[in-house]
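Comments concern the structure below.
The values are calculated or read from the model by the stated rules, or taken from the named source; none is laboratory data. Please read these numbers as outputs of a predicted model, since none were measured by experiment. Please note: Cβ atoms are built from the backbone with ideal geometry, for glycine as well, and neighbour counts cover all protein chains shown.
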Amino acid sequence: MLSIEMKLIISILEMTNDESDLHGAVNMGVKVPSQIAGKLLRKLQNEGLIKVQKGVIETDATQRLRLAVRAVDLGADLEAVSRLLRWQEFESMAAFALEQNGYDVSKNLRFKHGGRRWEIDIVGCRKPLVMCIDCKHWHRRLNPSELRKIVEKQIERTRAFAASLPNPTSRIECVRWNYVEFVPSVLSLLEGSSSFYDDVPIVPVLKLQDFLTNLPLYAGSLRHFVKSPTTKLFNS
């Protein structure tokens, strides 16, 4: 039954990639008896993973991400499942979580510093914190050396962004603050073997809400950069 549920979820992800599709089409895609498929669809609906109305399956970005995680937990190939997710819905869910927690959000923030052009996927500002997030919609599990490079690059981006401010051409809210703590972080689809690397948090997207709720309690213990009138840039 677990294998059937996994295949059903993958079929739903395939058919809702652009827009909702018919209940019957999902049954055909999975190639299992309609009675079993119907039972599993009701189970998924009861768990809040899909919505079925008049034979049409509907999903939003959050549900699709939860379905993807469920499929991988049931044994689906991470690369295959990741390819069924749109990059925009991954970023949009992260931005939504930040906004729900009172952050002013900028996506795909571009800036110049040190003769280079830089880009940060998501920047969330909530005084005095500035979350600099790299959204990693990677298609496979990473080894420690690959993870180290990803974290190091995000630390570099965050340091460059902090050093570039104040920038009169930037409209981001934090340029007006006297004291700022810039926190680099990496957002992933799944929970990995490590939640932190070099004091940089690696947060599964479905746990971002919990992370943001608790962030003010331990932000000072994370890797961060401080900028204030008395210090141009302090690396902690």
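Checked against the criterion of being assigned by TED's automatic domain parsing to the domain that holds N167, on the phi > 0 side of the Ramachandran plot and in contact (Cβ under 8 Å) with a residue 40 or more places away in the chain, region 98-115 contains one or more residues that satisfy it. Of the helices (runs of 4 or more DSSP H) lying entirely inside region 18-86, those carrying at least 3 residues that are of a type outside the set (V, I, T) and modelled with pLDDT of 85 or more are 34-46, 61-73.
Of all residues in region 217-236, which are in contact with a helix residue (DSSP H, G or I) (Cβ under 8 Å, 6 or more places away or on another chain), closer than 17 Å to C174 by Cβ and at pLDDT 80 or above? If the condition is that a residue be in contact with a helix residue (DSSP H, G or I) (Cβ under 8 Å, 6 or more places away or on another chain), closer than 17 Å to C174 by Cβ and at pLDDT 80 or above, then F225, K227 are the ones that fit. Inside region 154-185, residues that are of a type in the set (D, E, K, R) and surrounded by fewer than 17 Cβ atoms within 10 Å (Cβ to Cβ) make up a count of 3. Restricted to region 52-68, and to residues there that are more than 14 Å from M15 (Cβ to Cβ) and surrounded by fewer than 19 Cβ atoms within 10 Å (Cβ to Cβ), the residue that is farthest from the chain's Cα centre (by Cα) is K54.
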